[in-house]
Every structure is written in C-alpha cells, then in structure tokens.
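The structure under discussion appears below in the form of structure tokens.
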Ligand SMILES: O=C(O)CCC(=O)C(=O)O
Ligand SMILES: [Fe+2]
C-alpha cells in the first residue's frame with residue numbers, strides 16, 4: 001500500500017467524522033439526509049472502477065422481496081444488481097466505511113443496527129424502479145437505507161433522479177445521481193422511486209438491519 005493511499009484514507013477518516021455527525025443530525029431532524037460530494041473521492045473511484053470491470057453475466061435482474069417470495073417483476077423495477085462482499089479491495093473499503101457510519105449512528109441515534117447488506121446497481125438507459133418502500137412497518141428489519149451514486153459528470157438532462165417522498169401529502173425531493181452524492185433515510189418511512197435515465201446509471205444501495213434472530217431462524221441471512 002503506497003504512502004499516498006494511506007494519506008488519502010487518513011484524510012477521509014477525519015472528513016468522515018464530520019460527515020457522519022451531519023447524517024446523524026439530519027436523520028434526527030427529518031428522517032433523511034441528502035449530501036452531495038459526501039463520499040471520499042478515492043472510494044468513489046475504486047467502486048466505479050470495480051463496477052465497470054464486472055463482467056455483464058455477474059449482474060442479475062433485480063427482484064422484489066427476499067428468498068421464497070423473490071419475484072422478477074418487470075413493471076416494478078428493471079435494474080440489474082451485484083451484491084457487494086468484502087472480498088475485493090473496493091468492496092472491503094465500502095463495507096469499512098459503512099461500518100463506521102453504523103457505529104456513529106448507533107451511538108448517536110440508538111438505532112440498534114446490527115448488520116449491513118448492499119449491492120451495486122446498474123440502470124441501463126430507460127431502466128427504472130417504481131415507487132416503493134425498502135421495509136414494511138413493524139417488521140423492524142431494514143432500518144436505514146443508504147444510496148451512493150458513482151456517476152461522474154451527471155448532467156441535468158441525463159434523468160435517472162431518485163424521487164424521495166417526504167410526507168403523506170406527496171411532497172418530494174429529487175436527487176440527481178451525481179458521483180459522490182449520498183442519500184440516507186429511514187427505510188420504513190420514505191417511499192421513493194428511480195426515474196428512467198438516458199445513460200447508464202451506477203449506484204450502490206445498502207441497508208442496515210436489526211438482528212431479528214430466534215433460535216429457529218438466523219436472520220439476517222448471509
Ligand atoms: O438508486 C437509487 O437511487 C435508489 C435505489 C433503490 O431505491 C433500491 O434499490 O431500493
Ligand atoms: Fe429503494
């Protein structure tokens with residue numbers, strides 16, 4: 001590992017503490033946080049580098065729901081995903097970053113987050129994800145959603161915005177999937193959708209979960 005790399009990581013660690021504090025404040029105040037230029041540039045470069053070298057056959061058509069009720073529902077979403085593991089350098093850096101966020105938010109907000117799962121997503125031109133919730137009330141499963149965008153130079157005409165509905169009256173915030181932008185929100189509280197893009201759109205979607213293990217069933221599955 002070069003000295004430059006270590007320095008870069010050192011710098012991002014300091015910035016991360018400020019950033020994580022900001023996310024905690026936002027979640028406490030409104031339940032969501034939208035921060036442009038939030039992810040360390042080095043991390044974005046690494047993640048985009050990896051997603052761009054993944055062979056096409058590693059992506060699978062995304063489904064709705066988990067395990068037994070896993071459906072391929074063309075009408076709801078048309079993106080393709082690859083689950084992220086810590087087995088690659090970029091995957092490990094991302095999981096390390098998410099882990100630090102988890103620790104800070106657990107300490108400041110007492111959310112009881114226990115594990116993290118995330119995937120790369122690729123939306124080909126025209127692909128979309130219709131309005132949905134990432135978790136259902138009462139399940140206490142996915143607690144917090146995190147979306148990180150990897151697209152350099154995303155233009156106003158490129159589409160592909162995330163629309164986050166912020167109240168029952170239908171107010172919303174539109175977020176451009178510009179590289180480095182981070183969106184964090186309480187999974188049960190914010191319906192959202194992804195509008196069709198005019199160019200390839202790369203992102204990471206991740207979820208912090210609580211531990212709902214019983215003696216019969218180990219959850220979350222790995
Ligand atoms: O890519 C995005 O902007 C959001 C993706 C999303 O909502 C999901 O994967 O559940
Ligand atoms: Fe979602």
Study note, to complete from the structure: Residue set 74, 50, 46; condition modelled with pLDDT under 90 and closer than 23 Å to residue 177 by Cβ; output residue 74
Practice item. Evaluate the range 118-137: report whether one residue or more is over 24 Å from residue 16 (Cβ atoms), in contact with a strand residue (DSSP E or B) (Cβ under 7 Å, 6 or more places away or on another chain), more than 16 Å from ligand 2 (Cβ to nearest atom) and assigned to a strand (DSSP E or B). Key: no
Exercise for review: Please go through the range 190-222 and pick out each residue that is assigned to a loop (DSSP other than H, G, I, E, B) and modelled with pLDDT of 95 or more.
Suggested key: 190, 191, 195, 196, 198, 199, 200
Check your understanding: If you go through the range 97-111 one residue at a time, how many are modelled with pLDDT of 90 or more, surrounded by 13 or more Cβ atoms within 10 Å (Cβ to Cβ) and over 14 Å from the mean Cα position of the chain (by Cα)?
Key -> 6
Revision key, fill the gap. Counted residues in the range 125-156 being more than 12 Å from ligand 1 (Cβ to nearest atom), at negative phi and exposed (fewer than 15 other Cβ atoms within 10 Å of the Cβ) come to 7
Review point. How many residues are surrounded by fewer than 20 Cβ atoms within 10 Å (Cβ to Cβ), touching a residue at least 12 places away in the same chain (Cβ under 8 Å) and more than 10 Å from ligand 1 (Cβ to nearest atom) if we restrict to the range 157-175?
Key: 6
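Can we say residue 119 is within 12 Å of ligand 1 (Cβ to nearest atom) and surrounded by fewer than 15 Cβ atoms within 10 Å (Cβ to Cβ)? Quick ask: steps written out before the conclusion?
Values: within 12 Å of ligand 1 (Cβ to nearest atom): yes; surrounded by fewer than 15 Cβ atoms within 10 Å (Cβ to Cβ): no.
Here the answer is no, as residue 119 does not meet what is asked.
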Practice item. Mind counting the residues in the range 148-186 that are farther than 22 Å from residue 125 by Cβ, at pLDDT 95 or above and out of contact with any helix residue (DSSP H, G or I) (no Cβ under 6 Å at 6 or more places or on another chain)? Key: 9
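The values are calculated or read from the model by the stated rules, or taken from the named source; none is laboratory data. Given the structure is predicted, the values throughout are model-derived calculations rather than measurements. Here the Cβ is made from the backbone with ideal geometry for all residues, glycine too, and neighbour counts use every protein chain on show.
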